[in-house]
1. Would you call Gln160 over 16 Å from Asp378 (Cβ atoms), part of a helix (DSSP H, G or I), out of contact with any Pro (no Cβ under 7 Å at 6 or more places or on another chain) and not aliphatic (A, V, I, L, M)?
2. Pairs only if they're at least six apart or on different chains, beta carbon under 6 angstrom, first in the range 149-166 and closer than 15 Å to Ala195 by Cα, second among the aliphatic types (A, V, I, L, M); list them, first residue then second.
3. Here is a list: Val349, Val381. Which entry is part of a loop (DSSP other than H, G, I, E, B) and of a type in the set (A, V, I, L, M)?
4. Residues of the range 218-243 being among the acidic types (Asp, Glu) and either surrounded by 14 or more Cβ atoms within 10 Å (Cβ to Cβ) or over 21 Å from Ala134 (Cα atoms) (or both), which ones?
5. If you check Ala350, Ala369, Ala362, Ala339, which single one turns out to be within 30 Å of Val248 (Cβ to Cβ), at pLDDT 85 or above and either β-branched (Val, Ile, Thr) or in contact with a helix residue (DSSP H, G or I) (Cβ under 6 Å, 6 or more places away or on another chain) (or both)?
6. Being buried (at least 20 other Cβ atoms within 10 Å of the Cβ), among the acidic types (Asp, Glu) and in the same structural domain as Leu141 (by TED's automatic domain parsing) narrows it down to one of Glu391, Glu424, Glu332, Glu371, so name that one.
7. Please count how many residues of the range 244-287 are surrounded by 15 or more Cβ atoms within 10 Å (Cβ to Cβ) and part of a helix (DSSP H, G or I).
8. Ser365 passes all but one of (1) closer than 27 Å to Glu196 by Cβ; (2) among the hydroxyl-bearing types (Ser, Thr, Tyr); (3) assigned to a helix (DSSP H, G or I); which number fails?
Amino acid sequence: MKSFACLLATTLFTTAANAADLMQVYRAAQDNDPTFAAARATLDAGRERVPQGRAGLLPSLTLSGNTVWNENDLSARNVPSSKQRFNSNGYQLTLSQPLFRWQNWVLYDQSKLQVMQAEASFAEARQDLILRVAQAYFDTLFAYENLSAVRANKAAISQQLESAKKNFEVGTATITDTHEAQARYDLAQAQEIAAESDFEVRKSALQAIIGQAPGALARLHLEAEPKQPMPTDMNQWVSAAEKDSITVQIQQALADIAAREVDRQRAGHYPTIDLVANYGYAKSSAQGAGLIENDYQNVGVQLNIPLYLGGQVVSRQREAAANRSAALSTLEAARRGAALSARQQYLGVANGLAQIKALKAALVSSQSALESNKLGYDVGVRINIDVLNAENQVYVTRRDLARATFDTLLAQLRLKAAVGALGEDDVAAINALLDPTTAQ
């Protein structure tokens, strides 16, 4: 089944007609990203804590055996000495059932909290995968948009350069226009080389996540625009982040584990009571005594009371108390960090939406300015540098608009992650803004 998914993903990434969208790239990352695979394995390992903690409450059964060669020299006053050489062997089956071991109960409680921590860490890894995929996906799209803008700008400058040369030849323009256009064209060539390099780097970053070279990627719809975060009150997002952030959940579990550890170390002063049952067999064949066999069974209750262990128990209590204080401080830092992240990402979305609106208006204005400068150049009221500057402004504005849109979409995802609510539904919502028929 996994090989079929990989084959399907390969097909999607290698055909421009079926450009891969964000959801398809995310699915591929789930199967191939090594960081996410490690998180999944760590979760499986963490879930084993409960069986391990429960084992301290259940009976244990052990079987032991021995065989011993004996050489004894026996002597006593007024009694002739004698030597005995014989073999003795036996086995014992021991059943032990804890009746009262408070530290084992605490350890079992800790194991449940450790599983909660492991599951929260995996949820964080899933959110991190979404953010990494989206970041790499939009970085690749922006690198392509930037490369397209640079190439379009270069093509426009090339046309302007040819026009300047012809106008100079017929005497309607100065050599300065030609030099200015040539300088702009040389700069555009250098910018194109840098943009091509950046595009390859961004694709490689995406490949490191999905495990294969990305092919055609779906671009944003022309009219795509991020939505205002709901609820619109930033304080509600901050309150949710302080309570529901995955990082806060992890640190809360660690703080609870540290509190239980104080109880567990305090139990080092408590007595332990176990039910112990033994069944065994032993035999020996001492000279002069013949074969001696012994079958035995016994059942009893064993009480152990720790009196003094060199101060170890008290020291471990102090250590656990200090670790609990550290965990509580880390928890508070996580809450504050989550609140700060929620504020930053909310403002990022709000400011991004305003920036998108402004850049769209600026793009319309810059395109109008370009047309006006071209017309002015044709009638002789504008010089070549005016047209070049107007053209460059159009491409810069278009690039900035793409960057603002991508950054705002990422801020939306990070805002949901700040409150621990980022999931596939959010990927699907952004995926709906993509157009698979327009591939980079």
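The values are calculated or read from the model by the stated rules, or taken from the named source; none is laboratory data. This is a predicted model, so every value here is computed, not measured. Counting neighbours? That spans all protein chains shown, and the Cβs are built from the backbone with ideal geometry, glycine included.
1. So Gln160 fails the test.
2. Val150/Ala195; Asn153/Ala188; Lys154/Ala188
3. Within the list Val349, Val381, the selection yields Val381.
4. Across the range 218-243, the qualifying residues are Glu225, Asp233, Glu242.
5. Only one candidate passes the filter, namely Ala339.
6. Glu391
7. 23
8. The number of the failed condition is (1).
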